Amino acid sequence: MMIEAPGGLSEYINHHLKNLTIHFGGGSFWTVQLDTLGVSVVIGVALSALLWACAHRATSGVPSRGQAFVELLVEFVDGQVKDVFHGDTRLLGPLALTIFVWVLLMNLMDVMPLDVIPYLMGLAGAEHFRAVPTSELNTTFAMSLTVLILTIFYSFKAKGASGYMKEIFTVPFGPWLAPFNLLMNLIELLSKPLSLSMRLFGNMYAGELLFMLIAGLLGAGSTILFGLGVFGYLAWGIFELLIIVIQAFIFMVLSVVYIAMAQQHH
């Protein structure tokens, strides 16, 4: 841990919470977070290449350890999808697998040594670099918006335009209270991506911030505090691994649940 920031712990935390960004149009509205986007894309491409390689090398005989692991992962996710959704899972199964593994790998960036990636990127000229995409609300909200779009798409596909509109304006209070039905259904619809994104973001942001606070003990200049920092870092790292897996699982399951609910009639 390197915590020799001129302003102490506060400056250290503020430095690590800043993104590598590029602004368009001379303002701050059109802003691209290069670190968040870059890490997400690299992880996504690496994941796709790994799964493609495993599928390409798969055999019908005794599977290798890699093939066996991937098969267990696919069967686990497919089982979760079939427990929630009883229709055609040809699209929903791969979608759930992508969500779970991609979110899991992005979350795992949180347990890497806090200063390693920012330090290496600093050598390359990047003054700020955040390596955990899911600790950024932009990432989690973008993924939840994708789930929202799929939810609306499956609603129209299962019920038709007229059926879905009828449901929006007549459920749950009946056709005579159409404005209230519309309001309630809009609140329900918009609350899904909001809660989905905020839950993942909040857990990962809190975990990242706690690692920074523990790093303050490592750089406090005291042997006792250093020992407490090492113990705290290891203990929280183990606990954070559990949170990482749970949050990826919850994001996947809720995404499948929302899409499955969209195809059900009230």
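The values are calculated or read from the model by the stated rules, or taken from the named source; none is laboratory data. Just so we're clear, the structure is a prediction, and the values are computed from it rather than from any experiment. Every residue, glycine as well, gets a Cβ built from its backbone with ideal geometry; the counts of neighbours run over all protein chains shown.
Within the range 255-266, the set of residues being out of contact with any helix residue (DSSP H, G or I) (no Cβ under 6 Å at 6 or more places or on another chain) and part of a helix (DSSP H, G or I) comprises just one member, 261. Do we find that residue 190 is surrounded by fewer than 17 Cβ atoms within 10 Å (Cβ to Cβ), more than 28 Å from residue 14 (Cα to Cα) and either out of contact with any Gly (no Cβ under 9 Å at 6 or more places or on another chain) or of a type in the set (Asp, Glu) (or both) in this structure? The answer is yes for residue 190. Being under 18 Å from the mean Cα position of the chain (by Cα) and part of a helix (DSSP H, G or I) is a property that holds for residue 202. Could you give every pair whose Cβ atoms fall below 7 Å, whose first residue belongs to the range 236-258 and is over 29 Å from residue 150 (Cα atoms), and whose second residue is part of a helix (DSSP H, G or I), counting only separations of at least 6 or pairs across chains? So the pair list comes out as 236/210; 236/211; 236/214; 237/111; 240/110; 240/111; 240/207; 241/111. Residues in the range 237-252 that are under 17 Å from residue 210 (Cβ atoms) and of a type in the set (A, V, I, L, M) were compared, and the one that is surrounded by the most Cβ atoms within 10 Å (Cβ to Cβ) is 244. The conditions of being among the acidic types (Asp, Glu) and modelled with pLDDT under 85 are met by residue 4. For the structure I just gave you, tell me whether residue 131 is aliphatic (A, V, I, L, M), within 16 Å of residue 37 (Cβ to Cβ) and in contact (Cβ under 8 Å) with a residue 60 or more places away in the chain. Criteria met by residue 131. The criterion of at least 3 residues that are at pLDDT 85 or above, surrounded by 13 or more Cβ atoms within 10 Å (Cβ to Cβ) and under 20 Å from the mean Cα position of the chain (by Cα) is met by the following helices (runs of 4 or more DSSP H) wholly inside the range 38-128: 65-84, 92-108. Here the range 134-163 is the region considered, the condition is being charged (D, E, K, R) and in a helix (DSSP H, G or I), and the residue that is nearest to residue 39 (Cα to Cα) is 157.
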